[in-house]
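Everything on this sheet refers to the single structure shown next.
Coordinate-derived values only; no laboratory data. What you see is a predicted model; the values in this text were computed from it and never measured. Counting neighbours? That spans all protein chains shown, and the Cβs are built from the backbone with ideal geometry, glycine included.
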Amino acid sequence: EVDWFSLASILFLLMFAPLIVYYFIMSCDQYQCSLIDPLIDLLTGNKHLSDIWSKTPTLTYRAASIYTLWVVFQMLLYLFIPDFCHKFLPGYVGGVQEGAVTPAGVVNKYEINGLQAWIITHVLWFANAYYFHWFSPTIIFDNWIPLLWCANVLGYAVSTFAMIKSYFFPTSAEDCKFTGNFFYDYMMGIEFNPRIGKWFDFKLFFNGRPGIVAWTLINLSYAAKQQELYGQVTNSMILVNVLQGIYVLDFFWNEAWYLKTIDICHDHFGWYLGWGDCVWLPYLYTLQGLYLVYHPVQLCTANAIGILMLGLIGYYIFRMTNHQKDLFRRTNGNCKIWGKKPEYIECSYMSVDGTKYYSKLMTSGFWGWARHFNYTGDLMGSLAYCLTCGFEHILPYFYIVYMTILLTHRCIRDEHRCFSKYGKDWKRYTAAVPYRLIPGIF
């Protein structure tokens, strides 16, 4: 059943999330990234909504062509070029990998080739910038709002198609979840792993490409625009490119590990993932670079080093915390964490068919500090991105606010699921590790 709060939240997001994205991008295009001035103009009568809308760039054939070529190119890289990176990169896991077991007992196979797609895309980007000159490196920034309309078209199209598919030709009917509420089903999805053919998996493709592959290209386009406008690229823009580039590369390096995360293992594919990956992610996760085009910030050396260290420490915590859990699971606890055998609580749970299973929850290493300490590292990195922009405007800080809400909500969702699964054993675990994100505080 869908409770009233969940339904109200979903209706709010369906109505206002596209407007929020538009408002942020419009404020930079027309108000130098001020989130307050548009409201003041509207409230005082200096402008009407029609005035703002009339100044907004419309969809163009050029933008539609760029976006179509981009998505098709990423689909070709995803479907037709088997991974070769795992053959010569030590430690990288690519090629055909198995996902987690679905509630219906299905084990999907995936072609893990995101790192390869990212490398090929960026090699071609730099080859064009320094040799071929087919298009300007500022092409993304120069068409940013027309591309927004293209991203919305794709986001709504794929979400609607996924819902229709779930009714008429689902990939796995046993893994579909119907609540009977149209808005909830459209938002959160019905099919667990919608696919076309053997290899085109909607969830993996749209979660990782085209949005995340584009993330670093978008930042590079911002840097190129800054160079074009001011004759230099500021150290703050370099920091944004470096820190977010590390995050993106980490995602693709660990794409096989990503198959075991909450996005793939628990979320169904609906508007939340379809539209979110096409629009929300590339447009709102890159606000710092966009802001720095309009407000170039040259940080003093001490501040730049401090922000860099915060971002790198956050990344280290994020990666090492996940590595500890992955190592613990792969070895069933027969490993060493910080030089000694890990501590854990053994839990039991019943499957839907009445079979009793056992699993172990680690209570040492970073996982002894807090139950979601990987999210803590993620938030430190997110804050570092925002701090590169100084304190003149609140727009760049939307990211840390959003990530705090998102990851706190994920903590609650995950813990509710774990409590339902493990019962009294989960209470023993939370007693052993009492904090969620910040040791001693929360």
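Taking Rh as the Kirkwood radius computed over C-alpha pairs, what is the Stokes-Einstein D of the chain at 20 °C in a medium of viscosity 1.002 mPa s, expressed in µm² per second?
Reported coefficient: 91 µm²/s.
So how much slack lies between residue 200 and residue 348, counting 0.36 nm per residue of separation and subtracting their Cα-Cα distance, in nm?
Between residue 200 and residue 348, full extension yields an extra 49.8 nm.
Taking the Cβ-Cβ separation of residue 129 and residue 40 as r and a Förster radius of 30 Å, what is the calculated FRET efficiency to the nearest 0.05?
It comes out at approximately 0.15.
Which of the cysteines in the chain are isolated, no other cysteine C-beta under 4.7 Å?
85, 150, 176, 265, 278, 300, 335, 347, 386, 389, 411, 418
Compute the length gained on full extension between residue 68 and residue 109: take 0.36 nm times their separation in residues and subtract their Cα-Cα distance, giving the result in nm to one decimal.
12.0 nm
Which far-off residues, 5 or more places away or on another chain, put their amide H under 5 Å from the one on residue 347, with H placed in the peptide plane?
Amide H to amide H, under 5 Å and 5 or more residues apart or across chains, residue 347 pairs with 359, 360, 361.
Just tell me which aspartates and glutamates come within less than 12 Å, Cα to Cα, of residue 55; anything on the same chain fewer than 8 places away is out.
29
Do the sum for the chain: with -39,500 (n - 2.57) for every DSSP H run of n ≥ 4, divided by all residues, what is the mean residue ellipticity at 222 nm, to the nearest 500 deg cm²/dmol?
That calculation yields -19000 deg cm²/dmol at 222 nm.
Where does each of 131-144, 372-385 land if you order them by average Cβ count within 10 Å, highest first?
Peptide ranking by packing, descending: 372-385, 131-144.
Which residue, chosen from 43, 221, 126, occupies the Cα position most advanced towards the positive end of the dipole of the chain, where the dipole is computed from +1 (Lys, Arg) and -1 (Asp, Glu) charges on Cβ about the Cα centre?
Selected residue: 126.
Please compute the modelled spin-label separation between residue 302 and residue 441, points set 7 Å along Cα→Cβ, answer in nm with one decimal.
Taking the two extended label points, one gets 2.3 nm.
Grab the Cα-Cα distance for residue 360 and residue 415, subtract it from 0.36 nm times how many residues apart they are, and report the gain in nm with one decimal.
18.3 nm
Using a Förster distance of 22 angstrom, determine the FRET efficiency expected from the C-beta separation of residue 53 and residue 153, and round it to 0.05.
Computed FRET efficiency for residue 53 and residue 153: 0.75.
Please give the residues of the stretch 414-435, grouped as numeric ranges, whose backbone N is less than 17 Å from a label point set 7 Å along the Cα-to-Cβ vector of residue 329.
414-419, 421-422
Using alpha carbons only, what's the Rg to Rh ratio of the stretch 328-386 with Rh from Kirkwood?
So for the stretch 328-386, dividing Rg by the Kirkwood Rh gives 1.14.
Long-range amide H contacts for residue 112: which residues qualify at under 5 Å (H placed 1.01 Å from N, peptide plane, sequence gap of 5 or more or a different chain)?
The list, which skips near neighbours in sequence, is 95, 96, 97.
Leaving out same-chain residues fewer than 8 places away, which lysines sit with a Cα under 29 Å from that of residue 336?
Result set, ordered by chain and number: 87, 260, 325, 356, 360, 421, 424, 427.
Kirkwood Rh, the stretch 206-326, all Cα pairs: how many Å?
15.8
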